[in-house]
Amino acid sequence: MNMIVCVKEILDPEIPAKSFKIDPEAKRAIKPQDVQLVISDYDESAVEAALKIKDSLESKITVMSLGNESARNVIWRCIAMGADEGVLLSDPLFNDSDSFATAFVLAEAIKKLGDFDLILCGRQEGDWDAGQVGSGIAELLGIPSVTMVGNIEAKDGRVVVERVISDGRETVEVPLPALVTVSSEVGEPRYPSFRRVREASKKEIPTWNAQDITPAKPRNKMLSLFVPPRELKCEFITGEIPEEAGINLALKLREVKAI
Amino acid sequence: MTGRKDVVIVGELSDGNLAPTTTELLGIGRKLADELGQELSTLFVGSGIGEAVSEAIFFGADKVYVIDKPLFKDYLTDSYVGAFEKFVKQIEPELLLFGHTSLGRDLAPRLAFRLGTGLTQDCVELAIAPETKLLQKTKPIYGGNALAIYVCEEGRPQMATIRAKVMQPSTEDTSRKGEVIPFDPGLDEAAIIGKVIGKTKEEIIGIKLEEANVIVCGGRGLSRPEPFRQLEELARMLNGAVGATRPPCDAKWCPAHYQVGLTGKLVSPSLYIGIGLSGASQHQAGMSGSKTIVAINKDPEANIFGIAHYGVVGEYEKVLPAFMEKCKELLSKT
């Protein structure tokens with residue numbers, strides 16, 4: 001199987017709310033100095049899904065990331081996990097793109113890369129949560145897409161996948177080449193050993209820029225980005241002993257007619 | 001403005017009735033259509049759809065389009081995107097709104113790319129800009145830490161999916177009149193290449209999470225499956241449902257469908273009680289719209305206290321039984 005996994009480097013969405021700051025002018029989150037950028041966690045699930053296929057079927061996995069130079073770290077991490085090759089798509093002209101422009105650059109890069117059987121993406125980015133890039137790439141390439149996938153079985157030129165839907169699971173079969181977006185239900189991503197991390201960082205990652213791929217015009221425009229005011233202050237309910245706090249909580253909820 | 005007209009919302013049925021997200025879409029759709037001076041239509045796609053779709057008229061629709069064919073019995077990206085493409089090209093709506101449901105999340109992005117237009121998903125607010133008349137779409141980003149407002153200046157229709165339970169549902173008026181119009185997308189069935197080969201429905205005992213007014217959620221701090229029995233008892237007492245954060249679901253302490261958050265269900269009950277959970281942004285993004293948020297956690301620094309209205313810092317093993325006992329007593333007095 002020839003697989004391509006698209007991953008994104010993001011600001012860890014789990015940083016404490018008080019460290020989260022934005023630049024309203026640039027309409028971007030500001031990276032706190034002491035915080036490392038990370039791989040978007042659904043994208044890490046997509047890498048894991050590809051590796052699960054590779055565990056039982058001879059495969060090649062190419063990791064692709066659109067981002068800044070630092071996104072190379074995320075590609076190296078995927079290689080340490082078990083991916084084979086990487087491509088970085090980086091150019092100032094690729095910045096400030098929406099889902100449409102992002103999917104466009106990725107789809108063009110995939111065309112340039114050539115042959116593939118299966119493309120895997122995370123179900124949505126951990127930062128902007130747009131949830132469109134995977135479906136968009138598939139549409140631009142004219143191949144079938146299945147979203148929110150928890151399990152993948154590849155066989156004889158097709159994939160049978162389990163989709164996670166609101167009231168259960170659904171099994172869908174599509175012919176290859178195809179694209180799937182992966183959800184965390186695929187299972188805990190494997191953790192690379194220190195030795196593998198060190199070896200992976202020696203891997204050469206080519207960079208493609210706007211001379212290799214002509215970007216497209218975004219469709220959506222962001223008018224503003226803001227942090228909603230949080231005037232809310234938690235009222236702490238206490239008691240001499242924990243049991244009393246529990247009783248006082250019940251009384252409080254009755255007082256405010258919440259129960 | 002373009003020659004486009006109409007606000008179209010995509011309707012869904014749940015057990016043969018209008019889904020709650022659909023009445024919410026009709027509520028916001030009616031408001032936007034009135035502001036634009038346009039008509040509101042609803043589109044239903046399926047097989048053997050039945051009479052309930054005409055109720056959309058009582059909830060504010062002027063027209064109800066119905067695509068009803070065996071081909072659409074199961075949702076399949078291929079066939080549904082194809083049908084919607086034909087529909088949009090013929091009807092030419094100005095706005096096309098979906099629920100942020102399993103159907104909306106899969107269908108809307110692929111359709112937006114096919115039509116070359118801009119979509120914003122999981123919106124919590126929609127408004128018409130006074131001057132440009134463009135749809136302003138507000139969505140939470142960075143796990144709900146920030147809000148972004150988007151517009152789509154060029155592509156049409158302007159598209160959005162709407163988070164459940166944030167829009168005011170419209171009220172039923174059985175005297176409203178409207179039209180039900182069958183629509184034939186004339187799809188070439190041979191071109192549909194994917195297929196649904198199986199479905200497993202999760203067993204839901206009691207109230208559905210998305211529809212519950214009270215939700216009791218458990219997290220990593222519960223550390224094993226047994227405490228979920230306690231949470232279930234509390235939920236029964238309060239006429240609510242049980243939810244969980246990701247770790248208990250991954251560890252199989254509770255069924256996977258309990259999960260509340262970006263992965264899992266997006267909920268906004270009137271009362272949310274979080275027990276032994278830290279409030280990761282993933283989880284918060286799925287419940288921060290709850291009216292009253294209560295948290296019980298032994299760590300006073302837990303992020304959940306940042307959005308909670310009432311909190312108890314303490315071990316749930318001690319706090320919870322006393323809380324439940326008192327609730328039982330108070331509830332018996334009503």
Dipole in debye (nearest 20) - chain B, about Cα centre, beta carbon charges: Lys, Arg +1; Asp, Glu -1: 640 debye
At 222 nm, what value in deg cm²/dmol follows for chain B if DSSP H runs of at least 4 each add -39500 (n - 2.57) and the sum is divided by all its residues, to the nearest 500? -8000 deg cm²/dmol
Work out the length of the dipole vector of the protein assembly as shown about its Cα centre, built from +1 on the beta-carbon of each Lys and Arg and -1 on the beta-carbon of each Asp and Glu, and round it to the nearest 20 debye. 500 debye
When DSSP assigns beta bridges and you keep just the ones with both residues in chain A, what percent turn out antiparallel, to the nearest 5? 45 percent
Peptide-level mean, for B:320-329, of C-beta atoms on other protein chains within 10 Å: 6
Whole-number D in µm² s⁻¹ for chain B, Kirkwood Cα-pair radius fed into Stokes-Einstein, 20 °C, 1.002 mPa s: 100 µm²/s
Along the charge dipole of chain A, Cβ charges K/R +1 and D/E -1, which of A:V105, A:T147, A:G122 sits furthest on the positive end? A:V105
Distance from a point 7 Å along Cα→Cβ of B:A251 to each backbone N in the stretch B:260-287: keep the residues under 16 Å and list them by number. B:260, B:275-280
Between the stretch A:76-126 and the stretch A:163-201, what is the C-alpha centre distance in whole Å? 15 Å
Modelled label-to-label distance, A:K257 and B:E315, 7 Å Cα→beta-carbon offset: nm? 3.8 nm
Using helices alone, I'd like the mean residue ellipticity at 222 nm for chain A: each DSSP H run of four-plus residues gives -39500 (n - 2.57), total over residue count, nearest 500. -8500 deg cm²/dmol
Of the peptides A:39-48, B:195-204, how do they stack up when ordered by the mean number of other Cβ atoms within 10 Å, highest first? A:39-48, B:195-204
Choose one answer from A:Q124, A:Q33, A:Q211: the residue with the largest mean-square fluctuation in a GNM of chain A with alpha-carbon springs under 10 Å. A:Q33
Say a paramagnetic label sat at a point 7 Å from the Cα of B:R176, along Cα to Cβ; which residues of the stretch B:39-64 have their backbone N under 15 Å from it? B:39-44, B:52-64
Per residue, the convex hull volume that the Cα atoms of the protein assembly as shown enclose (Å³): 162 Å³
For peptide B:236-244, compute the average count of partner chain beta-carbon atoms within 10 Å of each residue's beta-carbon. 1
Over the whole of B:111-119, what's the average partner chain Cβ count within 10 Å per residue? Rounded to a whole number, please. 6
Highest GNM mean-square fluctuation among B:S54, B:S41, B:S14, for chain B with Cα springs under 10 Å, belongs to B:S14
Considering only chain B, what is the antiparallel percent among its DSSP beta bridges, to the nearest 5? 20 percent
Among DSSP beta bridges lying fully in the protein assembly as shown, give the percent that are antiparallel, nearest 5. 35 percent
Modelled label reach - A:I241, point 7 Å along Cα→Cβ, the stretch B:318-334 residues with backbone N closer than 19 Å: B:318-327
Given contacts defined as C-alpha pairs under 8 Å and at least six residues apart, what's the relative contact order of chain A, whole-number percent? 23 percent
Over the stretch A:1-153, relative contact order from alpha-carbon pairs under 8 Å, at least 6 apart, %: 31 percent
Going by how many other beta carbons lie within 10 Å of each one, how would you line up A:C78, B:C249, A:C234, fewest first? A:C234, B:C249, A:C78
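Taken together, the values in this text are just the output of simple stated rules run on the coordinates, not laboratory data. These figures come from a predicted structure and were not determined experimentally. FYI the Cβ positions are ideal-geometry reconstructions off the backbone, even for glycines, and counts take in every protein chain you see.
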